[in-house]
Structure formats: structure tokens, C-alpha cells
Amino acid sequence: MVVHLTVPVTATEHETAWQGDDPGHAVVVLGQVSQAGFVVSKAVGNAVTRNTVKRRLRQLTADRLGALPAGATVVVRALPQAASASYEQLGRDLDGALAAALKRDPGQASRRRSTGGKP
């Protein structure tokens, strides 16, 4: 499993303003809510298998979002081995990947990549 973690350094760096005469433009300010997204490709398996993996990862990640820095964005990419992994194994792999991503030097770019244990 691969985890991409983006942690805002300051809130102002992630404020986005859209301006113009077009009424479709608006001012958007990202809050301090952590978010998660999932990528489960066809390499993982058929639709039933992919959705099972996605549901498991969604629940596991939801339980861990509170432990992430405010405003963090996490993208979890499942590898093909995730199809045969148990719920507990996926949880251990996710914990390892998140821990490795959070240990990265804060002086590095805010987009961090980490691989966890083998799913």
C-alpha cells in the first residue's frame, strides 16, 4: 500500500481565492479538516474485490483521521496484494504507511510519499 500525505505548513498557504467578474468564481478557503481519498485500480481485482478493499480502507482511514495533523490530505493507493489481505493486515499496513509518512522531515516538500508494510 502506498500513502501520499500532504500536510499544510500554515493555513494561509492553502487558502485559495478565485476572483473575477464571472459569477461562477467564488472565494474558497480550505478548513482544517483532514481528508482522505482512495485509489484502487483494476489490477487489484474485479469490481466486487475493488469495492471491498475500498470499503475496508475507508473505514480504517476514518478511524485514523483524528490522529493526523489538522488539514492533512491523505491519498491511499491499494496495491494488488490488498485483495487477499485481511482487515487486520490492511490496518497494520495503513498504520505503518501513515507512521512513515508522518516521520518525514518537516523541512521537505509538503507532498510526502511513503510505502508501508506488505499488504
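Each reported figure results from applying straightforward, stated rules to the coordinates on display, with no laboratory input. What you see is a predicted model, and the numbers here were worked out from it, not measured in a lab. All Cβ positions, even for glycine, are placed from backbone atoms using ideal geometry, and neighbour counts span all protein chains on display.
Please list 3J(HN,Hα) in residue order for the stretch 58-68, calculated via the Karplus relation 6.51 cos²θ - 1.76 cosθ + 1.60 where θ = phi - 60°; whole Hz, with x for glycine and proline.
Karplus values, whole Hz, x for Gly and Pro: 4, 5, 4, 5, 4, 5, 10, 4, x, 7, 7.
I need ASP95, ASP63 ordered by Cβ neighbour count within 10 Å, fewest first.
Listing ASP95, ASP63 from fewest to most nearby Cβ atoms yields ASP63, ASP95.
Expected output is a single nm value to one decimal: the length gained when fully extending between VAL75 and ALA99, i.e. 0.36 nm times separation in residues minus the C-alpha distance. What is it?
Extra length available between VAL75 and ALA99 comes to 7.2 nm.
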